[in-house]
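Note sheet for the following structure.
Values in this text are rule-based calculations from the coordinates and carry no lab data. Note that the structure is predicted; figures quoted are calculated from it, not measured.
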Amino acid sequence: MTQPRLSETLVLPCGQTLQNRIAKAAMSEQLAKRDGTASDELRRLYAVWAAGGAGLLLSGNVMIDRGALTEPGNVILDDARDLDAIRRWTGATSGTHAKIWAQINHPGKVAVSPFNRRPVAPSARRSAVPGYNLRKPRELSAADIKGMIAKFARTAELAVAGGFDGVQVHAAHGYLLSQFLSPIANLRTDEWGGDEAGRMRLLLETVAAVRAAVGAGVPVSVKLNSTDFLRGGFDTDQALTVALALGEAGIDLLEISGGGYEQPAMTGVAAGQSTGADGRGYFVEFAQRIRASSAVPIMLTGGLRDPRAMERILMEGIVDVIGVGRPLTFVPDYPRHLLSGVVPELPRSAPRVGYRPADGYLELAWHNNQLHRIAAGKTPQRRPGLRTLARSLTRITVAAGKQVSIPR
């Protein structure tokens, strides 16, 4: 059985061609060295994935500011000192058809707790996420915001200089750009808030600055929530307005996701969340709404496992790229199987405790342990148990302590 739509090439608006319609979605690897430098383990992991059949590999978080990390072990790219390490990482795709894009990000107020600097946010409103920075964040000034735009642009420029084929601006999952979009996180009354136009201004100006930094021929993507699943928060109507504005801004690929660390929809544990009876993913209805009003290329990530369902939404023209993440932690060549129409068996999900933020974190840790096994040259575990989860949580805690104790 062949999958002609999954196997088709895609020419993006900037002119870059993806060899097929499967993308390895971003997952936080937590494999950088203690100073945020890309490591040999990271290169080894991506060499395995590059050979796995996906047309596009999206990196995990590449941070624009070494004073603000989403997790321990994030790669930091805020100056040119580590470009040789970045080039070794991106060189992992050499000899394959896979493109590799850098996902660039700033956590805002959800910087992890072990990092001692006071977090920043659109407004001085605390995060409600246990395990993240619960201190009251400092509200960014207008000058700070302009500086943040410049940091995103600088990291994008450095990423391309380091061999990345494109960049993705992370504006989902409750991080800084997502916070600016949210009516309950952004309480500003100046030009960076106050209404929908004000709340989306930072994202649109960041995209414009990134485009200017990397040039017209380099893909610029955005990851956007369809909703944050919070009462009074960023909803689907607001998300549609932003999505259409991004299309008009000329981005090359819009990735649709949802939730954040308060409602971790991206891990499949948010309230009322389902892949639908036909298995077409968590956020396909929102993708349909965008497609009805915009020709912007769409990547859909979340809950997609069945190649027949993937074929259907590609055939119907709802989306252009299928994003797959966690399956690649257990079956690194999962895309190759999908292209042949086969659905490999995957292990069960992580144990649940019934509290969604904790369950979302446990799900991420469950899969992150497998990334570290692949990066160490080992095979993923087919039947991981509670010991695997405990080891992963311990490793993350130890890594946080090491990275905090050795500033660059």
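For the stretch 138-248, the calculated P(r), taken from all Cα-Cα distances in 10 Å bins from zero up to the bin holding the longest distance, is 14, 47, 31, 7, 0 percent.
Stretched out straight at 0.36 nm per residue, the stretch from ALA295 to ARG312 would grow longer than its current Cα-Cα span by 4.3 nm. Built from the Cα atoms of the stretch 193-256, the convex hull projects on average onto 4.3 nm², one quarter of its surface area. Cα centroids of the stretch 314-328 and the stretch 197-240: 20 Å apart.
Which of the residue pairs LYS24/LYS151; LYS136/LYS223; LYS99/LYS146; LYS33/LYS146; LYS146/LYS223 have a Cα-Cα distance greater than 23 Å in the structure shown?
On the way: LYS24/LYS151 26 Å; LYS136/LYS223 26 Å; LYS99/LYS146 31 Å; LYS33/LYS146 29 Å; LYS146/LYS223 21 Å.
Correct reply: LYS24/LYS151; LYS136/LYS223; LYS99/LYS146; LYS33/LYS146.
Restricting the calculation to alpha carbons of the stretch 173-222 gives Rg and Dmax of 12.3, 37 angstrom.
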